[in-house]
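I have placed the structure first, in the form of structure tokens, so that the comments after it can refer back to it.
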Amino acid sequence: MRYYGGMKSIAVIFGGRSAEHDVSIITAHIPIIETLLATREYNVWPVYISKEGKWYCDQRMNELGFFKQPDWEAQLSEMKPVSLSFTAGFEIVWPGVFGKSQKIDIVFPSMHGTFGEDGSLMGLLRMANVPFVGCDIFASAVAMDKVLTKEVVAAEGMPVVPYVWFTQAQWKADADHFRTKIKQLKAPYFVKPVHLGSSIGIAKAKTDAELENAIEVALHYDDKVLVEEAVEPLLEITLPLMGNDDVRAAQCERPLNTSELFDFNDKYLSSGKSSGVNNAYSEIPAKISEELTRQIKDLGIRVYRTLGCSGIARVDFLVNDSTKEVFVNEVNTLPGSLYHHNWKASGVSNRDLVLELIRLAQERFASQKSRTYAFKSDILKKVGGPKVQ
Ligand SMILES: Nc1ncnc2c1ncn2[C@@H]1O[C@H](COP(=O)(O)OP(=O)(O)O)[C@@H](O)[C@H]1O
Ligand SMILES: [Mg+2]
């Protein structure tokens with residue numbers, strides 16, 4: 001093992017068992033790994049989780065180019081998966097008789113969607129007692145569920161679009177009950193699987209037939225489905241935010257879409273660039289009034305705090321373009337490529353962004369550590385039953 005005098009070891013974890021596996025690879029490299037390597041202040045350990053859930057760590061994966069090779073998956077199959085050890089902090093352990101291992105000082109999760117952005121990885125990292133960048137388990141878990149997000153946001157008196165939700169079992173048991181509830185909403189509707197992102201399984205439905213079909217499709221992707229009123233004419237605004245106790249907003253950004261639905265292709269691919277987000281399709285800052293900008297930023301910060309976000313997140317809004325009524329749509333706890341293009345437009349360089357996120361991770365970790373979790377008690381001594389001889 002090479003000795004890296006004094007430098008901290010950071011593991012960037014990406015890939016994973018999620019529909020957004022490929023986007024996660026891009027986020028990990030642009031801007032995270034690229035920037036970390038350029039600082040020369042960190043030893044960067046790229047940790048790739050395959051679609052099957054196997055963990056790999058190899059310095060060659062610090063290059064995005066590795067994943068662009070036509071045979072990269074074949075190369076991967078030649079590598080041995082690593083294991084993790086929590087006995088002396090968070091350690092990556094390579095298989096083999098010499099027991100090569102690497103202690104990790106800080107983790108930078110770079111996973112979107114299931115298992116990565118939904119709190120699962122954060123739970124693992126908390127158990128391992130290692131500081132990590134971005135939202136903690138609770139905010140991540142709530143944000144991953146579009147219905148829970150709405151319920152938490154609405155409970156604090158913030159505006160969300162009227163909606164109905166049900167699980168697959170509930171729909172099977174009594175679809176008519178939910179059909180009646182849906183009829184109380186104003187058509188057209190948006191039908192969504194609650195746990196997915198990137199517009200997967202989402203459809204707009206105008207007629208009863210379209211509604212039935214959309215629900216069937218959404219239930220194909222998820223066990224829980226959301227039907228909500230469409231906002232028309234729609235003005236979408238997305239707002240990246242950063243911080244722990246002190247929260248700062250980037251610029252209000254307006255995605256400009258070609259299709260009626262902002263789909264995966266629009267979001268990531270159409271411009272052919274690999275920046276992770278299709279810059280050609282967004283307006284920064286959004287050309288909206290100062291008043292609306294202020295209103296959205298204030299609301300964004302409230303949402304961030306209400307969900308208990310930390311590090312970074314992005315809050316998305318649906319605005320009725322004629323009435324300027326604002327609704328909170330959803331929260332992303334790991335914005336694609338950290339939305340670094342927007343932070344840059346807000347005066348935050350990639351270096352400042354990545355280093356600030358690391359500082360925030362350490363700040364949260366220190367504050368959690370200072371809290372008391374264990375209490376002395378003599379309950380065991382007092383409890384009845386036989387004593388060991
Ligand atoms: N209620 C709605 N009214 C109008 N458009 C909507 C509504 N809900 C979603 N959309 C459109 O569909 C897109 C995807 O929906 P969203 O809830 O953001 O899911 P995700 O981004 O997780 O796929 C939005 O960006 C927006 O363009
Ligand atoms: Mg969205």
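What follows draws every value from the coordinates through simple rules; no lab data is involved. No experiment lies behind these values; they were computed from the predicted model shown. Every residue, glycine among them, receives a Cβ derived from its backbone with ideal geometry; neighbour counts consider all protein chains shown.
A few remarks follow.
- Between Ser370 and Lys68, residue separation times 0.36 nm minus the direct Cα-Cα distance comes to 104.3 nm.
- Stokes-Einstein D in µm²/s, Kirkwood radius over Cα pairs - segment 8-134 at 4 °C with 1.567 mPa s viscosity: 89
- Here the peptides 56-69, 78-91 are ranked by packing, the mean other Cβ count within 10 Å, and the order with the highest first is 56-69, 78-91.
- Cα Rg, Dmax, the chain, angstrom units: 22.7, 80
- Order of His220, His112 under a 10 Å beta carbon neighbour criterion, fewest first: His220, His112
- A simple packing score, the average count of other Cβ atoms within 10 Å per residue, orders the peptides 329-337, 234-242, 289-297, 367-375 as 329-337, 234-242, 289-297, 367-375, with the highest score first.
- Amide H contacts of Thr114 (H built 1.01 Å from N, in plane; Pro and chain starts excluded): Ala19, Glu20 sit under 5 Å, all sequence-distant by 5 or more or on other chains.
- Computed over the Cα atoms of segment 1-68, the ratio of the radius of gyration to the Kirkwood radius (Rg/Rh) comes to 0.98.
- In segment 162-229, the alpha-carbon atoms span a convex hull of 69 Å³ per residue.
- Over segment 126-212, the hull volume per residue, using the convex hull of the C-alpha atoms, is 143 Å³.
- Between helix 208-221 and the chain: long-axis angle, C-alpha atoms, 0 to 90°, nearest 10: 0
- Table column - 3J(HN,Hα) (Hz), segment 289-305, Karplus curve with 6.51, -1.76, 1.60, x for Gly and Pro: 5, 4, 5, 5, 4, 4, 4, 5, 5, 4, 5, x, 5, 5, 4, 4, 6
- In order along segment 80-87, the phi-based Karplus estimate (6.51 cos²θ - 1.76 cosθ + 1.60, θ = phi - 60°) of 3J(HN,Hα) comes to 9, x, 8, 10, 10, 10, 10, 6 Hz; Gly and Pro are listed as x.
- Residues whose placed amide H lies under 5 Å from that of Leu226, excluding near-sequence neighbours: Lys192, Val194
- When you filter the trypsin sites (Lys or Arg not before Pro) in segment 160-256 for DSSP loop state and at most 14 other Cβ atoms inside 10 Å of their Cβ, you are left with Lys186, Lys206.
- Measuring against 20 Å, Cα to Cα, the residue pairs Lys54/Lys80; Lys54/Lys369; Lys181/Lys206; Lys150/Lys206; Lys80/Lys103; Lys51/Lys224 contain Lys54/Lys369; Lys150/Lys206; Lys51/Lys224 as the ones spanning a longer distance.
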